[in-house]
Amino acid sequence: MLRFTRLGCAGESNGSQMTVSRDDGLQWLRNCAAVIAKNRLYLIELDAAIGDADHGANMDRGFQAVLKKLPDIADKDIGSIFKAAGMVLVSTVGGAGGPLYGTFFLQAGALTAGKPELDLSSWTAALEAAINGVMMRGKAEPGDKTMVDALLPALDALKQSASLGEGFGVALRASAEAARQGMLATIPLVARKGRASYLGERSAGHQDPGATSSYLLLKAAADTWELNGLTA
Ligand SMILES: Nc1ncnc2c1ncn2[C@@H]1O[C@H](COP(=O)(O)OP(=O)(O)OP(=O)(O)O)[C@@H](O)[C@H]1O
Ligand SMILES: [Mg+2]
């Protein structure tokens, strides 16, 4: 449910005082599971072109397991919810995606430990910690044709929105769009990490599956929290 801290200032109309509650966090995870299930075949096809055709199946299995776990953690703070999701993903997804997305949610959970709600600044800090975790674990740099190429532009967009004084909802939408652009920008790249790197030059011309799933998760955040009225 949308929380609205009433400070009586004009900034409210652009969503700058709005926060994401624990229930919004749970709803995001539910929507992640739905969007990954809907795009299962698409992610499989992308991975079939430059990997081993399992990204969609693995991500779907992981997020269905997260979905099953939600009733056990529904009364916890946001940090505990993200952490629990990370642990489920590590233990159910496998491949490269499992440890990487597991780390993503575990780090986001560590940064938001004990928080009943998030604002733009704490969501930005959580995403930054999550991406740093992915980069430390996978040693990928921008331009290596991985999920990092969708995630980092999304983080930069959040920071830019904050520096422009934009509201949380506007920032989320900008961040999802930046992730989409980053995902599309992986198409011409030659992979330097993961299975796709075994193909060398032949990996160019294909969209990276992990960048695609990352975009879907961040778009789900914008869509979920926008539905709750966060976007101006
Ligand atoms: N070292 C890495 N750092 C960051 N992201 C990576 C790394 N390796 C792979 N990825 C991302 O994970 C996705 C899947 O990776 P890969 O094809 O190597 O693995 P996999 O073992 O088949 O795992 P999956 O089940 O997720 O397909 C890639 O599309 C890429 O975005
Ligand atoms: Mg794969």
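Being buried (at least 21 other Cβ atoms within 10 Å of the Cβ), over 17 Å from Ala221 (Cα atoms) and more than 16 Å from ligand 2 (Cβ to nearest atom) narrows it down to one residue among Gly143, Gly133, Gly114, Gly62; which is it? Talk me through it step by step, then tell me what you get.
On the way: Gly143 fails: buried (at least 21 other Cβ atoms within 10 Å of the Cβ); Gly114 fails: buried (at least 21 other Cβ atoms within 10 Å of the Cβ); Gly62 fails: more than 16 Å from ligand 2 (Cβ to nearest atom).
Result: Gly133 is the single residue among Gly143, Gly133, Gly114, Gly62 that is buried (at least 21 other Cβ atoms within 10 Å of the Cβ), over 17 Å from Ala221 (Cα atoms) and more than 16 Å from ligand 2 (Cβ to nearest atom).
Mind listing whichever residues of region 171-219 are of a type in the set (D, E, K, R) and within 10 Å of ligand 1 (Cβ to nearest atom)? It would help to see each step written out before you state the result.
Kept after step one, since they are of a type in the set (D, E, K, R), are these residues of region 171-219: 173, 177, 180, 192-193, 195, 201-202, 208, 219.
Of everything in region 171-219, those that are of a type in the set (D, E, K, R) and within 10 Å of ligand 1 (Cβ to nearest atom) turn out to be Arg192, Lys193, Arg195, Asp208.
Find the residue count for region 74-97, including only residues that are in a loop (DSSP other than H, G, I, E, B) and of a type outside the set (A, V, I, L, M). Full working, then the answer.
Taking region 74-97 and keeping what is in a loop (DSSP other than H, G, I, E, B), we get 74-77, 93-96.
If we keep only those that are of a type outside the set (A, V, I, L, M) too, we end up with 75-77, 94-95.
Total meeting the criteria: 5.
Every residue, every condition in (1) surrounded by 23 or more Cβ atoms within 10 Å (Cβ to Cβ); (2) closer than 20 Å to Glu45 by Cα, yes or no:
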residue	(1), (2)
Met147	yes, yes
Ala150	yes, yes
Ala154	yes, no
Lys159	no, no
Leu189	no, yes
Ser197	no, yes
Arg202	no, yes
His206	no, yes
Pro209	yes, yes
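When you scan region 172-186, do you find a residue that is without any contact (Cβ under 8 Å) to a residue 60 or more places away in the chain, polar (S, T, N, Q) and within 30 Å of Met18 (Cβ to Cβ), even just one?
So in region 172-186, the residues without any contact (Cβ under 8 Å) to a residue 60 or more places away in the chain come out as 172-186.
Narrowing the set further to residues that are polar (S, T, N, Q) leaves 175, 181, 186.
After this cut, where a residue has to be within 30 Å of Met18 (Cβ to Cβ) as well, the list is 175, 181.
Yes, region 172-186 contains a residue that is without any contact (Cβ under 8 Å) to a residue 60 or more places away in the chain, polar (S, T, N, Q) and within 30 Å of Met18 (Cβ to Cβ).
Being in contact with a helix residue (DSSP H, G or I) (Cβ under 9 Å, 6 or more places away or on another chain), surrounded by fewer than 20 Cβ atoms within 10 Å (Cβ to Cβ) and under 21 Å from Ala140 (Cα atoms) narrows it down to one residue among Gly86, Gly51, Gly102, Gly94; which is it? If you could, list the steps in order and put the result at the bottom.
Working: Gly86 fails: surrounded by fewer than 20 Cβ atoms within 10 Å (Cβ to Cβ); Gly51 fails: surrounded by fewer than 20 Cβ atoms within 10 Å (Cβ to Cβ); Gly102 fails: surrounded by fewer than 20 Cβ atoms within 10 Å (Cβ to Cβ).
When all the criteria are applied, what remains is Gly94.
Specify which of the listed residues (Ile44, Ile36) is closer than 26 Å to Leu158 by Cα, part of a helix (DSSP H, G or I) and either within 16 Å of ligand 1 (Cβ to nearest atom) or at pLDDT below 95 (or both). Let's see the steps before the verdict.
Working: Ile44 fails: closer than 26 Å to Leu158 by Cα.
On inspection, the qualifying residue turns out to be Ile36.
Out of the residues in region 38-57 that are free of Cβ contacts under 8 Å to residues at least 40 places away in the same chain and farther than 13 Å from Leu217 by Cβ, state the one that is nearest to ligand 2 (Cβ to nearest atom).
We begin by selecting, within region 38-57, every residue free of Cβ contacts under 8 Å to residues at least 40 places away in the same chain; these are 38, 40-41, 44-45, 48, 53, 57.
The next check asks that each one be farther than 13 Å from Leu217 by Cβ; those that pass are 40-41, 44-45, 48, 53, 57.
Details: Arg40: 13, Leu41: 14, Ile44: 9, Glu45: 12, Ala48: 9, Ala53: 7, Ala57: 9 Å.
Going through the qualifying residues, I end up with Ala53.
The values are calculated or read from the model by the stated rules, or taken from the named source; none is laboratory data. Note that this is a predicted model, so its numbers are computed, not measured. Reconstructed Cβ throughout: ideal geometry from the backbone, glycine too, with neighbour counts over all protein chains shown.
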